[in-house]
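The block underneath contains the structure these notes are about, expressed in structure tokens.
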Amino acid sequence: MIMVFIFYVHVIGAVAAFTKRWQEEGLGEGILGVAFMALIFSVGWTISTFLLKFIVSEKGFSKVFDRDALSLLVLTIAEIIFYYFYFKDESISPEEPPSNQ
């Protein structure tokens, strides 16, 4: 159940990233944003599973919260921090007028 929720959160995040990038830059940038998220997800899940293999047994803490669910949770927390800084808007200082592009 935890894994389903985490995958659902990732789908919602991918849709939000696609929409934001699509509105700002265009369709190609939206697709690249989703592809970037898929790459980070797949590599991050592999790395977090590899690292947790040394710390947690395969059974994990319970039947529902096994090592795979824990690795997805660790990955999701790391992604939240990373995507917060990657997708946040750059603020415009009050002294500089916005550029017309």
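The values are calculated or read from the model by the stated rules, or taken from the named source; none is laboratory data. Keep in mind it's a predicted model, so treat the numbers as computed, not measured. All Cβ positions, glycine included, derive from the backbone under ideal geometry; neighbour counts span all protein chains shown.
General observations
- Some residue of segment 26-49 being in contact with a Gly (Cβ under 6 Å, 6 or more places away or on another chain) and not in a helix (DSSP H, G or I): no
- Subset tally (residues that are touching a residue at least 24 places away in the same chain (Cβ under 8 Å) and either crowded, with 16+ Cβ neighbours inside 10 Å or in contact with a Phe, Trp or Tyr (Cβ under 9 Å, 6 or more places away or on another chain) (or both)) for segment 34-64: 6
- Condition check for residue 54 on (1) in a loop (DSSP other than H, G, I, E, B); (2) closer than 13 Å to residue 76 by Cα: one failure, at (2).
- Flag if residue 23 is out of contact with any Ser or Thr (no Cβ under 6 Å at 6 or more places or on another chain), exposed (fewer than 11 other Cβ atoms within 10 Å of the Cβ) and at pLDDT 90 or above: yes
- Looking only at segment 10-20, and only at residues there that are touching a residue at least 24 places away in the same chain (Cβ under 8 Å) and either exposed (fewer than 15 other Cβ atoms within 10 Å of the Cβ) or under 17 Å from residue 78 (Cα atoms) (or both), the one that is farthest from the chain's Cα centre (by Cα): 17
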